[in-house]
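The values are calculated or read from the model by the stated rules, or taken from the named source; none is laboratory data. In this text the structure is predicted, and so the values were computed from the model without any measurement. Cβ: placed from backbone, ideal geometry, glycine included. Neighbour counts: every protein chain shown. Side chains included, ligands, DNA and RNA excluded: accessible areas come from the protein's heavy atoms. Shrake-Rupley method; radii C 1.70, N 1.55, O 1.52, S 1.80 Å.
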Amino acid sequence: MAMEGYRGFLALLLSALLVGFLSVIFTLIWVLHYREGLGWDGTALEFNWHPVLVVTGFVFILGIAIIVYRLPWTWKCSKLLMKSIHAGLNTVAAILAIISLVAVFDFHNAKKIPNMYSLHSWVGLTAVILYILQLLLGFFVFLLPWAPLSVRALLMPIHVYSGLFIFGTVIAAVLMGLTEKLIFALKSPSYSSLPPEGVFTNTLGLLILVFGALIFWIVTRPQWKRPKEPNSVLLQPNGGAPEGVESSMAMNFGNVDKSDSELNNEAAARKRNITLDEAGQRSTMSLNFPSANT
């Protein structure tokens, strides 16, 4: 099936990939050139893993996971395969985010720096906790075939909204973290004097902001959503609108997978068979018991 506005989608997708990749590269250049490199020894070198892992996993990979259902080349793939890819990307992002937290807490503890005192730390930890809950919800409700369709339909809007909310929260936390680090680290010359490191890192922040804006635009265009599965029957908790986006985070206005539609079709077939059986029984009874007027 052809995608409406395919050229526009392709241009935005390539732009998002380019800006996201540049964000990761700029982060590496920042910590390797301006912040003395990477290590795992309780020093500032260990702290430097924090921005690298957050931008790589919690920004770039998470952004790709959000729009994976929108890729038209995957529309012929089974919904289960796409769910698995979506879950896999989100799992990688979660692992990198957790390691980044370990790095920053190790550094703070080694240097006797208080933990969790800044707004950046509050927002960042909140985003990680919500993201892990979101990942578990997606795994047990939408990936594994345990939850009834009515439960999936009920939780889908929450799953979609929370995924986008978490991604936006991550972007905000990263921008706060970059500013906080520059204020503490740049003393001579000061951050306010626009030294080269300050300008370079501000540019990194703009790249991350643009990447987030592109991802939000791609995932919110209804004409670029994954088309419905053929012969799919959607079960709604209240008989209302069809099931929403399949995200995690997720994040794409889709439908139930083939296994769900097959279950619905099988149930409908059973009902038809029962109706035919009842009709046949009534017909047989009328033949066996002639009327009293005969």
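Per-structure values
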item	result
Sole exception among (1) in a helix (DSSP H, G or I); (2) at pLDDT 95 or above; (3) touching a helix residue (DSSP H, G or I) at 6+ places or on another chain (Cβ under 9 Å) for residue 115, by number	(1)
Subset of segment 154-172 that is aliphatic (A, V, I, L, M) and open to solvent by less than 30 Å² (accessible area, probe 1.4 Å) - its residue that is nearest to residue 121 (Cα to Cα)	170
Some residue of segment 196-205 being open to solvent by less than 50 Å² (accessible area, probe 1.4 Å) and aromatic (Phe, Trp, Tyr)	yes
Filtered residues of segment 199-256 (kept if small (Gly, Ala, Ser), under 22 Å from residue 3 (Cβ atoms) and at pLDDT 85 or above)	213
Test result for residue 85, open to solvent by 30 Å² or more (accessible area, probe 1.4 Å) and in contact with a Cys (Cβ under 9 Å, 6 or more places away or on another chain)	yes
Helices (runs of 4 or more DSSP H) lying entirely in segment 38-108 (those with 3 or more residues that are in contact with a Ser or Thr (Cβ under 6 Å, 6 or more places away or on another chain))	49-53
Some residue of segment 58-67 being among the aromatic types (Phe, Trp, Tyr) and surrounded by 16 or more Cβ atoms within 10 Å (Cβ to Cβ)	yes
